[in-house]
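Each remark here refers to the structure printed beneath this line.
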Amino acid sequence: MQESERMVHRKNDRRGIAAKWWGWGHPSKSFSLEGRQGFVEFLKGRLDVSMAPVCPPVSFEQVRLGPCRLDGAELGRLERRTAMDGILRDPSVRIEHAMGKSYRDLVRIRRGEVGCAPDAVVYPSGEEDIAAVLEWASEANVAVVPFGGGTSVVGGVEAFARQDQKGIVSLDLSRLNRVLHVDRLSRLARVQAGIRGPELEGALNREGFTLGHFPQSFEYSTAGGWVATRSAGQQSTLYGKIEHMVLSVRMVHPGGVLETLGVPARASGPDWNQIVAGSEGILGVISEITFKLQPVPSERRCGAFFFRSFEKGVDACREILQNGLAPAVLRLSDGDETDFGMRLRPKSAGRGKRAVEGAGVWALERMGYRPESRCLLILGFEGSRDAVRGPWKRAKEICSDHGGFFLGAGPGELWYRERFEHPYLRDVLLDRGVLIDTLETSATWENLLGLYQAVRQSLEASIAQTGVRGLVMAHLSHCYPCGSSLYFIFLARQTAGAELDQWWEIKKAASDCILEHGGTISHHHGVGMDHAPWAEREHGTSAMAGLRKLKAGLDPRGVLNPGKVLTLSV
């Protein structure tokens, strides 16, 4: 076993899960390009890349890690205040907690550039430990970065401190990982913030319940991180975003503990649940959440449709929602994403099967479902028998009314099986010198297609301005009666030596375009560091001034997650 692999496994013994320090997911898993030669050739031609693995991550020994700025005496004062069994400063743990999983993060860490690593990592076992860390940090003027699963794609967990602060401590919540109580009568669960998706869902399933929250980061992200970033699961059209599932929270801040009352509704002033949700660790450290639960679904129906255009598919999605139907999955890919996904499928093994598939494609083209414009919709319902069968039938009728061609259950079932595997492709493409990143927004139905076209054009133009070819694709996947999210993926050949400058030019142009055309800077990824300048513009001066005053009241020394959500230059 290589030293870097040994470090990966050793550092995660404490967190209870293995993960790559330089990429996404489990060290033993990767995305295979075997059997996908057509996809490889497509990217070669479209992006003008060789698709040879020319940019592997550096070895662990090559990572440039700065010295700890906090001395042993200072950390000793912290250790004496808590019941924590040690404060870790070894390189593997500091690297793991240096940043999240954004494109900017991965470019830097794959090059071995980890100047932003925390000086130490602490593992609280409860609220008393969290309070002690925050009290010490306020006195010592040390930044504290709450850390859950480390899956932020917007710079939300980067180990960053203001210039006047003495150092950085990462507060790893992985030990707060229990389901504390399940109220079967009220359908509620009180959980600790550090519990990860699979452990939480498994515990709830054993009681006959589900939270219904399945973000793409599900295997690694945590309950507290979901709430802190207003996360959306892939089945949010039925179950809602995470903030809709919260009954009450507990949040530790330097002055004490903020706890909201666990009642169905109230009219006793502003809703503090919704203030804590989306606060991204700048107001306090979420320690507990009480979630609203749903019964484990007894039935599921899923399938896929082709539409002749993105516009036709959007019309069908809108009508499904406005007819009072609530699908668990409603995911419409535009033409480019549909084509990308079909090319990504491994080549069928048998000659006969390939012939049948080819004949089917030819027949669909004759019917007007052309490769350059056809759009794939994944549609799924789940719940009780009555909640599934009638709505499923009606939704299929609506799709048919808008020219949707039913492809059967196969593509939908395939998507369900592989939905947590897709992030592994990014590492394979980064190895091959491909820029790949995402951004997401939301808009009303009236504004959706205009925003979609504007952002597509902005991404295509800004990629071209960097002197390379690109590929832009999009889908909608979190839908409401009044509108939907839009999720964009863009790829291009990296500009060697200027990868981050290239990315920032594209990111900035698209983010400006989103706000100029009435979208939000984020539907579910959050703000972090990457989106902070646009969050200031979206909310306006008065709102952000109020948020700063609220932070000053809860965190007077400004130790909590500096540089996130609120820009430091304003």
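The values are calculated or read from the model by the stated rules, or taken from the named source; none is laboratory data. None of the values given here were measured: they were computed from a predicted structure. Cβ: placed from backbone, ideal geometry, glycine included. Neighbour counts: every protein chain shown.
Okay, here's what the table says:
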| item | result |
| --- | --- |
| Residues being in contact with a helix residue (DSSP H, G or I) (Cβ under 7 Å, 6 or more places away or on another chain), outside any helix (DSSP H, G or I) and either within 20 Å of Ala326 (Cβ to Cβ) or among the β-branched types (Val, Ile, Thr) (or both) - total across the range 375-395 | 6 |
| Only one of Ala387, Ala443 that is of a type in the set (A, V, I, L, M), on the phi < 0 side of the Ramachandran plot, at pLDDT 95 or above and surrounded by 14 or more Cβ atoms within 10 Å (Cβ to Cβ) | Ala443 |
| Selection status of Arg94, of a type in the set (Lys, Arg), within 24 Å of the chain's Cα centre (by Cα), assigned to a helix (DSSP H, G or I) and under 24 Å from Leu283 (Cα atoms) | yes |
| Residue within the range 396-405 that is assigned to a loop (DSSP other than H, G, I, E, B), charged (D, E, K, R), at pLDDT 95 or above and crowded, with 16+ Cβ neighbours inside 10 Å present | no |
| Residue check for Gln235: within 27 Å of Arg417 (Cβ to Cβ) and among the polar types (S, T, N, Q) | yes |
| Selection from the range 414-438 of residues that are assigned to a strand (DSSP E or B) and under 23 Å from Ala52 (Cβ atoms) | Val434, Leu435, Ile436, Asp437 |
| Pairs, first under 19 Å from Thr338 (Cα atoms) in the range 479-491, second of a type in the set (Phe, Trp, Tyr), C-beta under 6 Å, six or more apart | Leu486/Tyr452 |
| Qualifying residue in the range 209-216 (condition: surrounded by fewer than 21 Cβ atoms within 10 Å (Cβ to Cβ) and farther than 30 Å from Gly483 by Cα) | no |
| Residue satisfying all of: in the range 381-407; without any contact (Cβ under 8 Å) to a residue 24 or more places away in the chain and acidic (Asp, Glu); farthest from Phe307 (Cα to Cα) among these | Asp386 |
| Val468 surrounded by 19 or more Cβ atoms within 10 Å (Cβ to Cβ), outside any strand (DSSP E or B) and in contact (Cβ under 8 Å) with a residue 40 or more places away in the chain | no |
| Of all residues in the range 165-207 being in contact (Cβ under 8 Å) with a residue 40 or more places away in the chain and of a type in the set (Ser, Thr, Tyr), the one that is surrounded by the fewest Cβ atoms within 10 Å (Cβ to Cβ) | Ser174 |
| Odd one out for Val153 among (1) outside any strand (DSSP E or B); (2) of a type outside the set (Asp, Glu); (3) not assigned by TED's automatic domain parsing to the domain that holds Ile95 | (3) |
| Flag if Ile289 is surrounded by 15 or more Cβ atoms within 10 Å (Cβ to Cβ), modelled with pLDDT of 95 or more and not assigned by TED's automatic domain parsing to the domain that holds Glu382 | yes |
| Failed item, numbered, when Glu372 is tested on (1) in a helix (DSSP H, G or I); (2) modelled with pLDDT under 95; (3) among the charged types (D, E, K, R) | (1) |
| Residue that is nearest to Arg108 (Cα to Cα), among those in the range 409-438 that are more than 20 Å from the chain's Cα centre (by Cα) and of a type in the set (D, E, K, R) | Asp431 |
| Test result for Leu451, within 23 Å of Val40 (Cα to Cα) and either touching a His at 6+ places or on another chain (Cβ under 9 Å) or buried (at least 19 other Cβ atoms within 10 Å of the Cβ) (or both) | no |
| Pair list, Cβ < 7 Å and 6+ apart or interchain, from the range 292-318 residues that are among the polar types (S, T, N, Q) to residues that are assigned to a helix (DSSP H, G or I) | Gln294/Tyr239; Ser298/Arg385 |
| In the range 485-502, residue surrounded by the fewest Cβ atoms within 10 Å (Cβ to Cβ) [restricted to those that are of a type in the set (Gly, Ala, Ser) and under 24 Å from the mean Cα position of the chain (by Cα)] | Ser485 |
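Yes/no matrix, rows are residues, columns are (1) loosely packed, with under 14 Cβ neighbours inside 10 Å; (2) without any contact (Cβ under 8 Å) to a residue 12 or more places away in the chain; (3) under 30 Å from Gly197 (Cβ atoms):
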| position | (1), (2), (3) |
| --- | --- |
| Trp24 | no, no, yes |
| Pro27 | no, no, yes |
| Cys55 | no, no, no |
| Gly72 | yes, yes, no |
| Leu88 | no, no, yes |
| Ser92 | no, no, yes |
